[in-house]
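Here is the structure we will look at, set down as structure tokens.
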Amino acid sequence: MIIDKEIQTYGENNNVPISLEDTLSFLCQTINQNKCKQILEIGTAIGFGTITMAENTTAEHIDTVELEAERYDIAMQNIKKHNLENKITAYNMDAGNFLKTCTKKYNLIYLDGPKGQYINYLPYLINILELGGIVIADNIYFHGMVTGKIPTTKGCRAMIKGLKNYIQAITTHPQLDSEIYDIGDGLGYSIKKSEQ
């Protein structure tokens, strides 16, 4: 897998949350195995995941959404540096607003935005996902707080509750066939098995 070490190092040195290599490897493998063409990423950050997917998979187009203007600007610079402007469309907006107004259908959605919002995004994700499409949600364990390996810090309680609710929702949802994978910081893996 080809990755941009410069973007990765920048993220690590500047406390920008970027996807782990084993997570991206699994993500790219999933896209290729399922021949996914239209991808949506929630949480662009500085473009590390988006660029990795664009350069290592069968994806024809990737839409990616980032709320924070500074990160979005850096992501745009990185996308241009890789000459991927025709393959990646980045949106500088709130992911919830994007999802509410989105009319496009996707083969795969990579959910890596605000963790506490995963549960609120879920009905919209299912709606814009093709039948047989996949949602991969990153950081589902959130450094062990969700599984109870480490205590939940005070400021994270609402987010951890949201993640637990998301896990409960995807594993019992009538339209989804879901598993939780012990990869990276935990991945929620859901396939849309029915339209209703």
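Every number here is computed from the coordinates shown, using simple stated rules; none is lab data. Remember, predicted model here, so these are calculated numbers, not experimental data. Glycine also receives a Cβ, built like all others from the backbone with ideal geometry; neighbour counts cover every protein chain displayed.
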Problem set entry | Derived scalar couplings ³J(HN,Hα) [region 43-60; Karplus, 6.51 cos²θ - 1.76 cosθ + 1.60; whole Hz; x for Gly, Pro] | x, 5, 6, 9, x, 4, x, 4, 5, 4, 5, 4, 8, 10, 9, 7, 4, 8
For this session: Identify the chymotrypsin sites (Phe, Trp or Tyr not before Pro) of region 160-196 meeting these criteria: DSSP loop state and at most 15 other C-beta atoms within 10 Å of the C-beta.
Result: none
Seminar exercise, completed: Scalar couplings 3J(HN,Hα) for region 71-84 by Karplus 6.51 cos²θ - 1.76 cosθ + 1.60 (θ = phi - 60°), nearest whole Hz, x for Gly and Pro, are 5, 4, 4, 5, 4, 4, 4, 5, 5, 5, 4, 8, 6, 10
For this session: Using the structure shown, list the pairs from K104/K161; K35/K193; K81/K104; K37/K192; K149/K192 with a Cα-Cα distance above 19 Å, or answer none.
Result: K104/K161; K81/K104; K149/K192
Problem set entry | Alpha-carbon Rg with Dmax, taken over the chain, Å | 15.7, 45
Seminar exercise, completed: In order over region 15-20: 3J(HN,Hα) from phi, Karplus 6.51/-1.76/1.60, θ = phi - 60°, whole Hz, x for each Gly or Pro, gives 6, 8, x, 10, 5, 6
Exercise. So how do 75-87, 4-16, 113-125, 28-40 stack up, highest first, on mean other-Cβ count within 10 Å?
Worked result: 113-125, 28-40, 75-87, 4-16
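Once the other residues with Cβ under 12 Å from the Cβ of G116 are scored (Lys, Arg +1; Asp, Glu -1), what is the net sum? Spell out each step's value before the answer.
Working: positive: K115, R157, K161, K164; negative: none.
Residues close to G116 contribute a combined charge of +4.
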Problem set entry | Restricting region 131-189 to trypsin sites (Lys or Arg not before Pro) in coil, as DSSP defines it, with at most 11 other Cβ within 10 Å | K149
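Which whole-number percent gives the relative contact order of region 64-196, counting Cα pairs below 8 Å spaced six or more residues apart? Walk me through the numbers on the way to the answer.
Numbers: 198 pairs, mean separation 29.9, N = 133.
RCO, region 64-196: 23 percent.
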Seminar exercise, completed: Over the chain, the sum of -39500 (n - 2.57) across DSSP H runs of at least four, divided by residue number and rounded to 500 deg cm²/dmol, gives at 222 nm -12000 deg cm²/dmol
Exercise. Taking Cα pairs under 8 Å and at least six residues apart, what relative contact order does region 118-196 come out at, in percent?
Worked result: 41
